[in-house]
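The values are calculated or read from the model by the stated rules, or taken from the named source; none is laboratory data. Since we're looking at a predicted model, the values are computed, not measured. Here the Cβ positions follow ideal geometry from the backbone for every residue, glycine too, while neighbour counts run over all protein chains shown. For the accessible areas, the whole protein counts, side chains as well, though only heavy atoms, and no ligand, DNA or RNA atoms are used. Shrake-Rupley method; radii C 1.70, N 1.55, O 1.52, S 1.80 Å.
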Amino acid sequence: MRGKTLGWLATALTLCLVAAACGDDAEDAPAAEPEAPAAAPETTAAAAPETTTTAAPEAPAEVTTTVPEAPTEVADTLDASDGTGMRIAVIYDGTLDQGGWQGSMDAGTQLLEDSMPGAEVLRVEAIDPGQSAQRAMTDLAEDGYHLIIGTATYDADMAIVSAEYPDTAFLHACDATVTANMGQYCLAVEEARYVDGALAASLSETGQLGYVAGFGISFVLKPLNLFAAGARSVNPDAEVHVVFTNDWFDPSLELQAANALIDLGVDVLTYDLSSSAVPEVAAQRGAGFIGYGYDDARLQAPDSWLGGSLYNWGAAFVTTAQEVAAGTWEPGYIYGGYADELLGYAEFGPSVPAEAQDLVDSLIADIAAGDLDVFAGPIVDRDGNIVVPEGESLDFFSRAICCEWVIEGVQGEIG
């Protein structure tokens with residue numbers, strides 16, 4: 001954490017976030033075929049991949065959070081300095097060898113282990129939301145784990161289980177529920193994507209950028225919008241062409257989508273998914289590639305790699321674990337970006353000139369200092385509606401649930 005303090009919001013929250021690049025939280029279905037086939041969306045000028053897709057996860061219809069009444073009680077034998085006596089479980093909906101989202105979360109788990117060497121840290125992989133998640137969390141709570149961290153769309157499941165185990169601390173990624181023993185953590189992805197978009201536009205010769213996305217839901221549209229906003233801050237005529245795969249992890253679909261975007265004439269690609277398909281297409285077809293929170297992409301296409309923001313989930317994990325061990329934890333909403341060291345930036349690719357690197361460094365410094373608000377108006381959607389007027393910005397709650405709209409400069413069917 002290097003002396004930084006995370007922003008805790010321990011007020012009553014009513015948020016409807018869904019963590020991008022995670023599994024479906026609608027039901028606990030086995031690894032089976034989707035209920036019905038559907039054609040993947042089309043780009044504006046090239047056919048998007050036609051394939052069977054899975055259903056998009058849905059945010060809770062209405063979740064009302066409560067102000068925590070008191071810190072969670074833990075055993076007196078716990079040592080907050082190194083975690084001695086503490087037992088922590090981290091639950092993933094995928095497997096760690098998938099990299100991407102799973103890998104970035106596990107980097108946070110590794111930081112937790114390094115920071116609290118006396119703690120027992122258990123990784124629980126491939127747990128689907130629904131009954132499987134509830135059983136896993138119940139077993140862990142019964143087994144005496146002090147802190148259970150969810151990295152996927154487990155919000156409804158964790159809310160159910162946490163109510164039954166008030167002396168266990170629960171921490172969930174980027175969703176809605178905050179109670180007396182359940183908190184949330186998330187990143188200011190809008191900051192990350194704004195900087196990434198600016199880098200992409202500064203390096204594009206055509207002004208045509210490509211974006212392979214998972215689902216057309218608010219938590220995915222927000223980074224898409226801010227990537228476009230960052231790009232257009234550098235080149236007002238820049239366009240971001242998007243293709244949705246309607247899946248969180250399908251390398252075949254991602255490959256088809258990336259190729260469709262290259263066929264449109266884009267010369268810089270990015271994504272919000274986890275496989276190596278998009279970086280590989282960029283390398284094969286001579287396009288540049290911008291990462292999305294995951295440093296492993298730099299190794300997947302080193303000659304096409306340009307740069308990208310990095311996620312530091314571990315800062316939230318460590319702060320929470322230390323406070324739980326000390327008995328001082330008050331569940332709230334951890335939310336931050338560059339200023340809180342919850343975001344970083346990866347090593348630039350060899351083709352990135354000094355002036356583009358300086359642009360990124362300058363933007364990050366301005367955002368961290370509070371001199372640049374990426375949600376400052378005027379912001380106009382692609383239908384010409386003013387969604388953020390000039391001289392105004394979005395408050396925390398609006399940023400958290402943004403966005404149902406798509407910013408001007410984004411091309412492609414949203415679905």
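Observations on the model:
- Filter result for the condition that a residue is modelled with pLDDT of 95 or more and part of a loop (DSSP other than H, G, I, E, B), over F375, F317: F375
- Scanning the stretch 208-227 for residues that are under 14 Å from V266 (Cα atoms) and among the hydrophobic types (A, V, I, L, M, F, W, C) yields a total of 2.
- Candidate set: the stretch 255-264, residues that are touching a strand residue (DSSP E or B) at 6+ places or on another chain (Cβ under 8 Å) and farther than 29 Å from S362 by Cβ; chosen: the one most open to solvent (accessible area, probe 1.4 Å): Q256
- Checking each residue in the stretch 89-116 for being of a type outside the set (D, E), surrounded by 21 or more Cβ atoms within 10 Å (Cβ to Cβ) and within 22 Å of R135 (Cα to Cα) picks out A89, V90, I91, Y92, G94, Q102, M105, T109.
- Members of the stretch 223-266 that are modelled with pLDDT of 95 or more and in contact with a Cys (Cβ under 7 Å, 6 or more places away or on another chain): N225
- Matching residues, the stretch 125-139, being surrounded by fewer than 18 Cβ atoms within 10 Å (Cβ to Cβ) and either in a loop (DSSP other than H, G, I, E, B) or among the β-branched types (V, I, T) (or both): E125, A126, T138
- The stretch 278-296, residues that are open to solvent by less than 20 Å² (accessible area, probe 1.4 Å) and either among the hydrophobic types (A, V, I, L, M, F, W, C) or part of a helix (DSSP H, G or I) (or both): V278, P279, V281, A282, A287, F289, I290
- Pairing each residue of the stretch 380-404 that is more than 19 Å from G216 (Cβ to Cβ) with any residue that is of a type in the set (G, A, S), provided the two are 6+ apart or on different chains, yields C-beta distances under 6 Å for V388/G377; P389/G377; E390/G377; E392/G377; S393/A376.
- Conditions (1) open to solvent by less than 10 Å² (accessible area, probe 1.4 Å); (2) over 19 Å from G99 (Cβ atoms): number failed by E323: (1)
- All positions within the stretch 236-254 that are within 21 Å of G197 (Cα to Cα) and open to solvent by 60 Å² or more (accessible area, probe 1.4 Å): P236, D237
- Filtering the stretch 353-369 for residues that are part of a loop (DSSP other than H, G, I, E, B) and surrounded by 15 or more Cβ atoms within 10 Å (Cβ to Cβ) leaves an empty set.
- If you go through the stretch 358-371 and keep only what is under 22 Å from E390 (Cβ atoms) and within 21 Å of the chain's Cα centre (by Cα), you end up with L363, I367.
- Answer residue from the stretch 128-156, given it is among the acidic types (D, E) and in contact (Cβ under 8 Å) with a residue 60 or more places away in the chain and is nearest to G103 (Cα to Cα) among those: D128
- Checking the stated criteria, F227 turns out not to satisfy the condition of being of a type in the set (F, W, Y), in contact (Cβ under 8 Å) with a residue 60 or more places away in the chain and open to solvent by less than 10 Å² (accessible area, probe 1.4 Å).
- Taking the criterion of being out of contact with any Pro (no Cβ under 7 Å at 6 or more places or on another chain) and either aliphatic (A, V, I, L, M) or assigned to a helix (DSSP H, G or I) (or both), the residues of the stretch 297-314 that qualify are R298, L299, L306, L310, G314.
- Residue match in the stretch 226-243 (condition: of a type in the set (F, W, Y) and within 15 Å of Q411 (Cα to Cα)): yes
- Within the stretch 140-177, the residues that satisfy the criterion of being among the hydroxyl-bearing types (S, T, Y) and either at pLDDT below 95 or not in a helix (DSSP H, G or I) (or both) are Y145, T151, T153, Y154, Y165, T168, T177.
- The criterion of being open to solvent by 10 Å² or more (accessible area, probe 1.4 Å) and either of a type in the set (D, E) or touching a Leu at 6+ places or on another chain (Cβ under 8 Å) (or both) holds for E205.
- Every residue from the stretch 97-124 that is modelled with pLDDT of 90 or more, part of a helix (DSSP H, G or I) and not hydroxyl-bearing (S, T, Y): M105, D106, A107, G108, Q110, L111, L112, E113, D114
- Residue among W329, W405 that alone is part of a loop (DSSP other than H, G, I, E, B) and out of contact with any Ser or Thr (no Cβ under 6 Å at 6 or more places or on another chain): W405
- Number of the condition not met by F219 [criteria: (1) out of contact with any Lys or Arg (no Cβ under 6 Å at 6 or more places or on another chain); (2) open to solvent by 10 Å² or more (accessible area, probe 1.4 Å)]: (2)
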